Amino acid sequence: MPEQFKFHRTNSTVTKALTRIEIQAVTVWQGDTDFMFEFHTQHEAGWPCYLREPNGPNRNLPKMNLKGEAWTGTLIQEASVQDQRKSLEFQNVITNNLAAFRKMADRFYEGVEVKSASGPAWFVMFSCTKGKAKPVYVRIPASGQNLGSAFWSKNRQTKAGKPNCPIHKKSDCLDVGVAAQLQPQEAMKQPLKFSEELTVS
């Protein structure tokens, strides 16, 4: 589901993702403007933050990719902008608070809350066919958590890479992987995760 928000000090998206100290460190807040910041998952690479204008398009929204090496500081799909003043404010707010926006994006796209949820989380378990290593678990994307094994069955043949075996240091000995659920305490111990494109990170 899309997450739309105003970048205001008391906004619930902001207060859930950022600590009190991080909120106090914000240098530029969104003004009294009618556009929204938006995160949504539709097989997008990286961590896109979209500009949602009230009179803007429903597809091909202007966006900035916040994730690591994908960050360029430039607006993508700028031709979709309806009001240049809103676009400039959108870019200015993100650029001046990049760490904060990356933390919010991480929470949304990588499913940080899955680790602390009361229910189980879906992973893919890869087993060493030589039987010498413990299974390797890779958490599926937040967008696939509700689909679980069905999500994995649909995506593994075309998009999925494999992690490396902890003993053999390559993926050749690992099987194709099966979807598995882990309880929160066990899930928190697993560092590997798939991106939205199902590439091992």
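The values are calculated or read from the model by the stated rules, or taken from the named source; none is laboratory data. The structure displayed is predicted, hence computed values, not measured ones. Heads up, the Cβs are rebuilt from the backbone with ideal geometry, glycines too, and the neighbour counts pull from every protein chain shown.
Brief remarks follow.
- Evaluated against (1) surrounded by fewer than 15 Cβ atoms within 10 Å (Cβ to Cβ); (2) among the polar types (S, T, N, Q); (3) in the same structural domain as Leu174 (by TED's automatic domain parsing), Ser127 falls short on exactly one condition, (1).
- Members of region 151-166 found to be surrounded by 12 or more Cβ atoms within 10 Å (Cβ to Cβ) and either part of a loop (DSSP other than H, G, I, E, B) or without any contact (Cβ under 8 Å) to a residue 12 or more places away in the chain (or both), listed by number: Lys154, Arg156, Lys159, Ala160, Gly161, Lys162, Pro163, Asn164, Cys165, Pro166
- Subset tally (residues that are among the hydroxyl-bearing types (Ser, Thr, Tyr), farther than 21 Å from Glu110 by Cα and part of a helix (DSSP H, G or I)) for region 1-38: 0
- Taking each residue of region 61-81 that is surrounded by 13 or more Cβ atoms within 10 Å (Cβ to Cβ) and looking for partners that are β-branched (Val, Ile, Thr) and not in a loop (DSSP other than H, G, I, E, B) with beta-carbon atoms closer than 9 Å, six or more apart or interchain, yields Pro62/Ile76; Lys63/Ile76; Met64/Ile76; Met64/Ile94; Met64/Thr95; Asn65/Ile76; Leu66/Ile94.
- Single condition Gln185 does not satisfy, out of (1) outside any loop (DSSP other than H, G, I, E, B); (2) crowded, with 17+ Cβ neighbours inside 10 Å: (2)
- Residue among Lys134, Lys130 that is under 24 Å from Thr199 (Cβ atoms), part of a loop (DSSP other than H, G, I, E, B) and in contact (Cβ under 8 Å) with a residue 24 or more places away in the chain: Lys134
- Flag for Lys67 being among the basic types (Lys, Arg) and modelled with pLDDT under 90: yes
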